[in-house]
Amino acid sequence: MSNNLLEVKHLMVSFTTEEGEVQAVRDVSFSLKRGEILAILGESGCGKTVLCKSILRILPENGSIKSGDIILNENNLLKLSPNSMNKVRGKEISMIFQDPMTLLNPTIPIGKQIMEAVMIHQKISKSAAKKKSIELMELVGIDDAEKRHAQYPHHFSGGMRQRSVIAIALACNPKVLIADEPTTALDVTIQAQILDLIQELQERTGISIIFITHDLGVAAKIAQRIAIMYAGKIVEIGTAQDIFYDPLHPYTWGLMSSLPKMDSDEELLDCISGMPPNLLHLPQGDAFANRNKYALKIDYLAEPPMFKISETHSAATWLLHQDAPKIQPPVRF
């Protein structure tokens, strides 16, 4: 049996707008191993959330999957009927969104909302569902779960609401959990608690997690592997060790250089100059070329392939071609 639980192959996703077609996800391929946490990291607008909504097939009406395959346990999710896909959501794959209040109904007690999630996919009695929902509240660290079961979302802090959303996502024992920047709206202390909780849940349940973030520090803390996205493409993927100690793509170098250095007296942070390209009108060649101070002539003519450097580490940059000049990365950790 393959160690890969989920495989995304050559996925292309676009949106139809009045201005034209937005190419939001462009030929993305990656795998998610059983029991691992994979972080997908990049700037806002790079396609991270669209990619994950495509896996669940919950794109808005103007979005469409143009081509590719999404294989979960050897089943191609793109070939399932809407009814069959409904059975996959929640039971096989669950998603935690950035703002818990977009998921929680303010007029229904938290415990009842968790119960409903349990009962959607499991034919059990209300009393059994209530017991399960209390167990889930305890699992995600909500104190006095039996008492708080009847309380409403407005009685909960932001961190406790996010814990409740995680409980709903875990209600049907999914194999894959997608977490879409679940700590962005929380303060630093609560953010750390939620990250610790997600790691603990992964270790206790063996669930596989795709963690979407724009924060390098969060990715370093939580992920075994990291995929770097830019302009709708994965431009580098590797273990956390690969990405942080041997980054290969100039975009990754730029992200690393923008981190504050604890051993430096410099007050100004480096930044990547320019702006990401308009996905309505992509430039010829490498989409990062105009922001890349190490760009080669070929970067403006052709998109680079994904160069495999090791069994765990690949990057899409012409600098890895055998004929490219050797550039010393500006950052090392």
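For ASP286, neighbours were defined as the other residues whose beta-carbon sits under 15 Å from its Cβ, and their charges (Lys and Arg +1, Asp and Glu -1) total +1. Each residue of the range 75-81 is assigned a 3J(HN,Hα), and the resulting list reads 9, 7, 5, 6, 9, 7, 5 Hz, derived from the Karplus form 6.51 cos²θ - 1.76 cosθ + 1.60 (θ = phi - 60°), x at Gly and Pro. Average accessible surface for the range 1-101: 48 Å² per residue, computed with a 1.4 Å probe over protein heavy atoms with every protein chain in place.
For the range 110-214, the solvent-accessible area with a 1.4 angstrom probe is 45 square angstrom per residue.
Which trypsin sites (Lys or Arg not before Pro) in the range 69-154 sit in a loop by DSSP (not H, G, I, E or B) and have at most 11 other Cβ atoms within 10 Å of their own Cβ? Here the sparse-neighbourhood loop sites are LYS123.
When the chain is described by a simple charge dipole with +1 on each Lys and Arg Cβ and -1 on each Asp and Glu Cβ, the residue from HIS214, GLN193, ALA295 located farthest towards its positive end is GLN193. Charge dipole of the range 117-157 (Cα centre as origin; +1 on each Lys and Arg Cβ, -1 on each Asp and Glu Cβ, all else neutral): 300 debye, rounded to the nearest 20. Size of the chain from its Cα atoms: along the principal axes, largest to smallest, the extents are 67, 52, 45 Å. Of all lysines in the structure, those lying under 26 Å Cα to Cα from LYS297, and not within fewer than 8 positions of it along the same chain, are LYS233, LYS308, LYS326. Place a +1 charge on the Cβ of each Lys and Arg in the range 184-333 and a -1 charge on the Cβ of each Asp and Glu, then give the dipole magnitude about the Cα centre in debye, rounded to the nearest 20. Magnitude of the dipole: close to 440 debye.
So in the chain, what percent of DSSP beta bridges are antiparallel if you round to the nearest 5? Antiparallel: roughly 60 percent of the beta bridges in the chain. Taking every C-alpha pair closer than 8 Å and separated by at least 6 residues, the mean separation divided by the residue count of the chain gives a relative contact order of 19 percent.
Basic side chains Lys and Arg get +1 at the Cβ, acidic Asp and Glu get -1 at the Cβ, and with that the dipole of the chain about its Cα centre reaches some 1360 debye. Measuring nothing but alpha carbons in the range 79-152 and taking Rh as the Kirkwood radius, the Rg to Rh ratio lands at 1.00. Expressed per residue, the C-alpha convex hull volume of the range 196-306 stands at 136 Å³. In the context of the full protein assembly, GLU92 retains an accessible surface of approximately 40 Å², using a probe radius of 1.4 Å and ignoring ligands and nucleic acids. Using a simple spin-label model with pseudo-atoms 7 Å out from Cα toward Cβ, LYS91 and GLU74 lie 1.9 nm apart. Compared with the dominant principal axis of the Cα atoms in the chain, helix 126-139 is inclined by about 50°.
Determine which aspartates and glutamates satisfy two conditions relative to LYS9: a Cα distance under 14 Å, and not lying fewer than 8 residues away in the same chain. Result set, ordered by chain and number: ASP27, ASP69, GLU74. The Cβ shell under 13 Å around LEU186 holds other residues with a net charge of -3, Lys and Arg each +1, Asp and Glu each -1. The solvent-accessible area of HIS155, taken with every protein chain present and a 1.4 Å probe, is close to 90 Å². Apolar share of the accessible surface for the range 108-205: 49 percent from carbon plus sulfur atoms, 1.4 Å probe. Applying a threshold of 25 Å to the alpha-carbon distances of LYS79/LYS112; LYS87/LYS147; LYS79/LYS132; LYS91/LYS126; LYS175/LYS221 flags LYS79/LYS112; LYS87/LYS147; LYS79/LYS132 as lying beyond it. A Cα-only calculation for the range 45-178 places Rg and Dmax at 16.0, 49 Å. Summing charges over all other residues whose Cβ lies under 13 Å from the Cβ of GLU92, with Lys and Arg as +1 and Asp and Glu as -1, gives +4.
The GNM of the chain, with springs linking C-alpha atoms under 10 angstrom apart, assigns the highest mean-square fluctuation among GLN284, GLN202, GLN113 to GLN284. Highest GNM mean-square fluctuation among THR189, THR252, THR239, for the chain modelled with Cα contacts below 10 Å: THR189.
The values are calculated or read from the model by the stated rules, or taken from the named source; none is laboratory data. Small disclaimer: the values here were computed from a predicted structure and weren't measured. As a convention, Cβ positions derive from the backbone with ideal geometry for all residues, glycine included, and neighbour counts pool all protein chains shown. Heads up: the accessible areas ignore ligands, DNA and RNA and are worked out on the full protein's heavy atoms, side chains in. Shrake-Rupley method; radii C 1.70, N 1.55, O 1.52, S 1.80 Å.
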